[in-house]
Each structure stands twice: as structure tokens, then as C-alpha cells.
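Single-structure report; data block below.
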Amino acid sequence: MVLDARRRTGSMGGMTDTAETILLRHLLETPEAAIPEAAREAARIFLLDGLAVGVAGMAHAARPGLLAAARGWGAGEEARLWGDGVKLPASQAAFMNAFQAHALEFDAIHEAAVVHAMTPTLSAALAESERQSRQGHPVSGARFMAAVILGLDLACIIGAAARGPMRFFRPATAGMFGAYGAVARVRGFDLATASAGAGLLLGQIPGTMQAHSEGSMALPVQMGFAAMAGLRAADLAAAGAAGPAQWLTGPFGFLKLTEPEHDLAPGLAALGTIWQVTRLAHKPFPSGRLTHPAIDGVQRLMAAHRVSAEDVAAVRLYLPPLAMRLVGRPIKRDLTGNYARLCLPYVVARTLLSGSVGLGDFSDALLRDPATHALAARVALLGDGNGDENAVVPQRVEIELRDGTKLDQRVDAALGSPENPLPRAAQIAKVRACFAGILPEGRAEELIRAIDLLHDAPNAASLAALLCAIPAASSA
């Protein structure tokens, strides 16, 4: 049964209890003490992951040019960029940090929503917290964590309402609600102000799937737009501007525009019971999440049967529609890192050749490697007939060996998902790999300690100092 998401009977505080107000009341009025420890623990895990991949992303080749452009949008020193500590106005810093966090396809994802919600939410929340701190209004760690957790609820519930194929780049389009929600919570907006700002997001919808289709670096740029949109909408609402009241469910609202096949009922029913931060999935490999079940399946077969690349005659991947659309693309001679991270034949070939997929597998040399291309040409992509347009799993891997043996592995929960979580040691190893060559040795441990103690910290902006290449004590 589909809930009448536009309206319920009754009124609170002079505003009708619509889906919009139900979501915003949850965002604004949930007491910090009502957030369970399981949600806070998941937040600690994925805050660490989100900051780490944001640092690693400063290595993307497009970053210097984007930074030059962002500096030209206005001067100010409200918030720092992760990795080198460059100071920019808050909205520009959020843009750059969200770009970096998605640039290497290494950021966590909410699989049911198909939204990298942590990336814009965390980027905007930390930039706003730094701005507040510089204005003499430090944001406590508990307040910051609540803002991130509740912002994730908003983004992921909106994203998971989709029932049809992705028409817009949902990680950014739904993700901007997480960015805005976290900022609204940090600022302590009342319901009327928060509603006014949410409506101002509609004119800033930031994501085309054409960028995904082409494997363009515009994808992480769109994540930057999502983070920036959240801050700008909040700034405008605080200044008295207001957008449409039916920003989500109106006849020309977000859902009708971007997700015409949708059902909000399950998400609304889960408010306060299922915390979306607990449903995030790690990405153990720096490639599109839809490639991960296949990588996982290949690794399982390699471990169980001692398969090597030289043994492989053919690989057949049986994929749900979402994987066929998003990562079921052919290998190309003129590969770029952005395209290769979303190319199943490439990442499967790299897995067979090196045993895994890591940050180094997208170097210029390997993108042109003849052995990788030859093996990738033997990977076939086949639809599995799954009727769920947004399913990540199951995926099935079949490897045919040169002696005619066929090996088969079905993956129902890829490594890193809530049902098959990434072990803590692997989480920490990922953080260290992301920091390597950028931040000083030992900084990963400093950040881990700071996040473990974040709930009781007086100023969440102190996290930003640990993300600078210069010594933390000198980066204020």
C-alpha cells in the first residue's frame, strides 16, 4: 500500500503534517539522546571512512584546476580542504571536499538508495562546523554527529523511495538533501526556516546520468555541487528566502521530477526505528559499487580453487539491470581512470591479475596494459532477468578454465555491505592507504582516536585540523 505521502490529517505548529514536514520534524526535533548507540557507532565508522577517501581524492588529476576555479568564486577562510588544508569560504570548501571524496569511487554507499549520501552530507556538515567555530559558535561533537546521522536519514529515505531506473544521478540529487539537512540541524533551524530552505534545493538539482554513461569526471563534480547546494540553500533560508512548500511531493516536486516511480511509505514508517547510517556499505575497492559483488565473487573463486589469470579462458558475469546499466560497459583502448572504475571487464581483469583492486590499479601504465586489456576482452556481461531496477545483488560469476572446468560463485552480499561488513582491520588498512603519501605517518591513528571521542568533544571542527598535511597543532 502506498502512503498518501503528500498529506496526513492534522496540523502541528500551524503546518500541515505532510511528508515534507514529517521528514523535517524528524531531522530537526529528534533529541540527540534518542539516537541509539548502534547508529553512533556506525557514524564513527563511516565518518572515518568518508574523511579518509576525501583525503585520497586530492590526488585526482582534475583537482588543481577545480581548486583554481573554486578560489575564483570568492575569497574567505571559513573551512579547510582535506589533505592540504587550503582555506576557502564554506560552500567552496564543501564543494571541493565532496569532489575529492567521490573522485576515486571509494566512498561509502547506501545500496537500497544507490546514494553516496555520506559524501555531500559530511562535506557540508564539517564546512559549516568550521564556519560556526570561526564565528565563535563551536559545534559540539554530539551535535555534529546527530546532524550527520539525521542528514543521512533524509537523503537515504528520499533516495530509497525510488522504484524505477535511475534517470538522474541519484548520489548527487538525493545526496544534496543530506548536505542541507545536516547544515539545517547544525544551525538549529526551526521548521518554517528548514522548509523554506529545502524548497530552494529544487532549483539546484545537481546530477545528470550522462556523466555516468560516459565515465566522466563530472560525476565527482556533481557531488561537489550537491554539498554546495546544501550550504547555499541554508544561507538563503537564513536570509529570509523561501522555496516551494511541496518540494518533495508536489506535482513538480523532487520525486515527480527525478523519480516518477516512487514509494515513500517504507521510509517514513522506518523513521526513528531504522537509522540509515547503519545501512551504509563500505567500498573495499576504489571502483563503482556495482562492480564489487563481481570482484568479491572472483576473489572467492581464486581463493577456493587457486585460479590464476593464466588459467582463465572466459569469465561470464550474470548481473541485475542496475549493474548492466551502470558498470556493464565495454573495455576501451583509450581508457581513463574515471571510465575504468565503472568498467566491469577492467576491474575483473585486474582482480584476476593482481588478486584485488586498489588505488594503484588505475595508473596510466595499467590503463594501457596489454595483458589487462586481453583478459578484459574475455569477460562477458549477461543480464540475469532480475525485475528489481535498483538491486545491487545477487550477482553470479562463472569462470571457465582453459581445461574446460567451470567454476561458479553467487554473491548475495558483497564485502562491505551491512550483511557482510568489512572487518575492522581492513577498515583501518583502507584509511592508511588513503593517507599514504599525503598525511604524516601516524595521522590515521590520531584521527581514529578523535572520532572515537567525538561524541564528547567540545568542537567538531577540530577534525579538520587532522586532515592537513602540516602538523595538526599548526593548522588552526
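Counted by Cβ distance under 13 Å from LEU201, the other residues give a net charge of -1, where Lys and Arg count +1 and Asp and Glu count -1. When each of the peptides 315-324, 441-450, 216-225, 341-350 is scored by the mean number of other C-beta atoms lying within 10 Å of its residues, the order from highest to lowest reads 341-350, 216-225, 315-324, 441-450. Taking amide H atoms as placed 1.01 Å from N in the peptide plane, the amide H of THR208 lies under 5 Å from those of PHE169, each 5 or more residues away in sequence or on another chain. Residues in the chain average 36 Å² of solvent-accessible surface per residue, probe 1.4 Å, ligands and nucleic acids excluded.
In degrees from 0 to 90, rounded to the nearest 10, what is the angle of the helix 19-29 Cα long axis to the longest principal axis of the chain? With rounding to tens, the tilt is 80 degrees. What is the local net charge at ARG410, summed over the other residues whose Cβ is closer than 11 Å to its Cβ (Lys, Arg +1; Asp, Glu -1)? Its environment carries a net charge of -3. For ILE295, neighbours were defined as the other residues whose beta-carbon sits under 12 Å from its Cβ, and their charges (Lys and Arg +1, Asp and Glu -1) total +3. Axis angle, to the nearest 10 degrees, between helix 118-134 and the longest C-alpha principal axis of the chain: 40 degrees. Distances between placed amide hydrogens fall under 5 Å for ALA79 paired with LEU88, ALA90, all partners being 5 or more residues away or on another chain. Starting from the Cα of ASP388, step 7 Å toward the Cβ, then list every residue of segment 276-296 with an amide N under 16 Å from that point. 279-281, 290-294, by backbone N distance to the label point.
Near the amide H of GLU111, within less than 5 Å, lie the amide hydrogens of ALA281, all on another chain or at least 5 residues away, with H placed in the peptide plane. Each Cα pair under 8 Å and six or more residues apart adds its separation to the average, and for the chain the resulting relative contact order is 20 percent.
Normalised by the number of residues in segment 333-476, the mean separation of alpha-carbon contacts (under 8 Å, six or more apart) gives a relative contact order of 12 percent.
Rounded to whole numbers, the Karplus 3J(HN,Hα) couplings from phi for segment 188-196 are x, 4, 7, 4, 5, 5, 5, 5, 4 Hz, using 6.51 cos²θ - 1.76 cosθ + 1.60 with θ = phi - 60°, and x at Gly and Pro. Relative to the longest principal axis of the Cα atoms of the chain, the long axis of helix 344-354 lies at roughly 60 degrees. For segment 204-285, what class follows from the C-alpha gyration tensor (a ≥ b ≥ c being the square roots of its eigenvalues): rounded when a/c is under 1.5, otherwise prolate if a/b is larger than b/c, else oblate? Judged from the Cα gyration tensor, segment 204-285 comes out rounded (a/c under 1.5).
Each Cα pair under 8 Å and six or more residues apart adds its separation to the average, and for segment 8-143 the resulting relative contact order is 22 percent. Centroid-to-centroid, using Cα positions, segment 405-476 and segment 189-245 are 27 Å apart. Between rounded, prolate and oblate, where does segment 48-127 land on the alpha carbon gyration tensor, with a ≥ b ≥ c its root eigenvalues, rounded for a/c under 1.5, else prolate if a/b exceeds b/c? Prolate is the answer for segment 48-127, as a/c is 1.5 or above and a/b outweighs b/c.
The share of accessible area on segment 144-283 that comes from carbon and sulfur is 57 percent, using a 1.4 angstrom probe.
The values are calculated or read from the model by the stated rules, or taken from the named source; none is laboratory data. Here the structure is a predicted model, which means the values were calculated and not measured. Reconstructed Cβ throughout: ideal geometry from the backbone, glycine too, with neighbour counts over all protein chains shown. In case anyone asks, the SASA skips ligands and DNA or RNA and just uses the protein heavy atoms, side chains included. Shrake-Rupley method; radii C 1.70, N 1.55, O 1.52, S 1.80 Å.
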